[in-house]
1. Select from the stretch 119-145 the residues that are part of a helix (DSSP H, G or I) and either free of Cβ contacts under 8 Å to residues at least 12 places away in the same chain or of a type in the set (D, E, K, R) (or both) and write down the one among them that is nearest to Gln106 (Cα to Cα).
2. From the list Phe173, Phe150, which one is assigned to a helix (DSSP H, G or I), of a type in the set (Phe, Trp, Tyr) and either closer than 18 Å to Tyr243 by Cβ or more than 15 Å from the chain's Cα centre (by Cα) (or both)?
3. If Tyr200 satisfies all but one of (1) out of contact with any helix residue (DSSP H, G or I) (no Cβ under 7 Å at 6 or more places or on another chain); (2) buried (at least 17 other Cβ atoms within 10 Å of the Cβ); (3) under 24 Å from Ala69 (Cβ atoms), what's the number of the condition it fails?
4. Hey, could you check the stretch 264-289 for residues that are in a loop (DSSP other than H, G, I, E, B) and under 19 Å from the mean Cα position of the chain (by Cα) and say which is nearest to Ala227 (Cα to Cα)?
5. Exactly one of these conditions fails for Arg211: (1) surrounded by fewer than 21 Cβ atoms within 10 Å (Cβ to Cβ); (2) out of contact with any strand residue (DSSP E or B) (no Cβ under 6 Å at 6 or more places or on another chain); (3) over 27 Å from Gln80 (Cα atoms); (4) not β-branched (Val, Ile, Thr). Give me its number.
6. Checking Tyr241 against (1) over 18 Å from Leu76 (Cβ atoms); (2) among the hydroxyl-bearing types (Ser, Thr, Tyr); (3) surrounded by 14 or more Cβ atoms within 10 Å (Cβ to Cβ): exactly one of these is not met. Which one?
7. From Val54, Val86, which residue is under 20 Å from the mean Cα position of the chain (by Cα) and modelled with pLDDT of 95 or more?
8. Does Phe223 satisfy being in contact with a Leu (Cβ under 9 Å, 6 or more places away or on another chain), in contact (Cβ under 8 Å) with a residue 12 or more places away in the chain and crowded, with 17+ Cβ neighbours inside 10 Å?
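The values are calculated or read from the model by the stated rules, or taken from the named source; none is laboratory data. Not measured: the values here are computed from a predicted model. Note that each Cβ is placed from the backbone with ideal geometry, even for glycine, and that neighbours are counted across all protein chains shown.
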Amino acid sequence: MTIKSRSPYQHTTHQPGCLLRAGLFFLAFFACFMFTCGLSLLGYVLTPPPPVTVLIMGLDSRQGEGYLARTDSVMLLGVQPNKLQVSLLSIPRDIFIRVPGYSASQRINTINLLGELEAPGTGPELLKQSLALSFNIIPTHYIRIDFRAFEAMIDAVGGVTINVPYEIVDPYFPTDDYGTMSIRFEAGSQHMNGKTALIYARTRHMDDDYRRAERQQQVVTAFARRAFNPLTWVPLLQVFYQYVDTDLTPLQLIQIAPALLLSGFQVEQLVIDRDWILPGTNGPIPNYDRLIPWLSDHFPINQ
């Protein structure tokens, strides 16, 4: 089937009082953001704040499954104010890394599930510790989202515009009821709503997980650009704290913005693909000799 973007919004009638309260709330939030962002920009120039590394976890969970799920995608967002550098690393879900408390390496997409089985809510912490053990990178924060949250966040910013590099046909795309359907994306620029962007970010049968990770990075960077539109801030924050599990505060989220602004939205991106992987005992493992130098240039490394 051909995927076409459809607007997720419907026209509703608001009472004048509701519009006034919403307008006042938006103006207050806008003033707060501009004041805080202005201070942050000045601070970035005079005294750069400490670097931030955010673990982004996309869960392969359906409605009702909660956080007891495997990760469909694992990314690290690195912000280094002293370099005005923003980096995005995608780690393939089938790679094996060391995990604290386990004698054998584990597939990275199972680590959140292992943590949740040990104690509810500890999945992100176990994955953070595993990344620190394997890559010497200590994530300072985490963001954990499922399919519903992904769609809602994309819709909250009015969708994203993606340049599809080539025609994509997937006759076996999985559906929510564990069946399949056929999907197709034409090459070229397309504006996608949340549902369509999720399909684009998940499809992989035409190529592989590495190209899928590149598509996920496309969606993340396109979303970041749209999120700078002041008209999206109120609905985005409402969606973010309704559907997203994170230890980031609103102020900490805002403080990431200056790095993107001052870098001109230039994001250093890497997908760990076959060129960065070696065969291991249990499965593929990172080629640390090649990977660590790149990580040292783009993330704060724990010596």
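1. Within the stretch 119-145, the match that is nearest to Gln106 (Cα to Cα) is Lys128.
2. Testing whether each residue is assigned to a helix (DSSP H, G or I), of a type in the set (Phe, Trp, Tyr) and either closer than 18 Å to Tyr243 by Cβ or more than 15 Å from the chain's Cα centre (by Cα) (or both) leaves just Phe150.
3. So Tyr200 meets the others, but not (1).
4. Among them, the one singled out is Phe265.
5. It fails just one condition, (3).
6. In the conditions (1) over 18 Å from Leu76 (Cβ atoms); (2) among the hydroxyl-bearing types (Ser, Thr, Tyr); (3) surrounded by 14 or more Cβ atoms within 10 Å (Cβ to Cβ), Tyr241 misses (3) alone.
7. Testing whether each residue is under 20 Å from the mean Cα position of the chain (by Cα) and modelled with pLDDT of 95 or more leaves just Val54.
8. On the way: in contact with a Leu (Cβ under 9 Å, 6 or more places away or on another chain): no; in contact (Cβ under 8 Å) with a residue 12 or more places away in the chain: yes; crowded, with 17+ Cβ neighbours inside 10 Å: yes.
No: the conditions fail for Phe223.
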